[in-house]
């Protein structure tokens, strides 16, 4: 990711930081309920993918204030959690609010210390929402990277182009276009779009065994 885009992302989210501000609001979600509906879509995937008693490694890409970890704890679905984010101010606030959670500062879509198939699940929520002018191209390159890092599945959500009230600072995706792009790269893709009118989730994995 270019320095200009990194700066735009950091400036957008760090400007929203305040110690007494709700975490979903800092991260520019419309409501806590909408944020948790996206997390619930991931939870459906986790429950289908892993047997009771398993504790998968989960990489939360663009983890923000680690609300996902809190959601999974409340849902009694244990994971080995690692959050990653490029916005240092957000990570500092996450550490203040939730001391002891494992966090990584860095861009997982670039060269990182994370190895291929180093976690069981990669999850990405909200990373593709801010309109940077290259969102479609970035998503097409980023999703295979998430699959490369995961042993089982990669799961990502996006704003849906069917949304009636669209914000100019956000980007809205065509799910069918994304699916065609990923299947052309040899990935298997499942679509979840039944939980919010303005959102959809893609579940991606390698084709065939291994």
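Once region 68-83 is narrowed to residues that are more than 17 Å from residue 23 (Cβ to Cβ) and crowded, with 16+ Cβ neighbours inside 10 Å, the residue that is farthest from the chain's Cα centre (by Cα) is 77. Within region 84-108, being surrounded by 20 or more Cβ atoms within 10 Å (Cβ to Cβ) and in a loop (DSSP other than H, G, I, E, B) holds for 86, 87, 108. In summary, residue 160 fulfils each of the numbered conditions (1) touching a strand residue (DSSP E or B) at 6+ places or on another chain (Cβ under 6 Å); (2) crowded, with 19+ Cβ neighbours inside 10 Å; (3) over 16 Å from residue 62 (Cα atoms) with the single exception of condition (2).
Just one of the listed residues (143, 132) is closer than 25 Å to residue 29 by Cα, part of a loop (DSSP other than H, G, I, E, B) and in contact with a helix residue (DSSP H, G or I) (Cβ under 9 Å, 6 or more places away or on another chain), namely 132. Among the residues making up region 47-81, those that are touching a strand residue (DSSP E or B) at 6+ places or on another chain (Cβ under 7 Å) and closer than 22 Å to residue 158 by Cβ are 49, 58, 59, 60, 61, 62, 63, 64, 66, 68, 69.
Since every read-out is calculated from the coordinates, none of them should be taken as a lab result. A quick note: this is a predicted structure, and the numbers were derived from the prediction, not measured. Don't worry about glycine lacking a Cβ; one is built from the backbone with ideal geometry, like all the others, and counts go over all protein chains shown.
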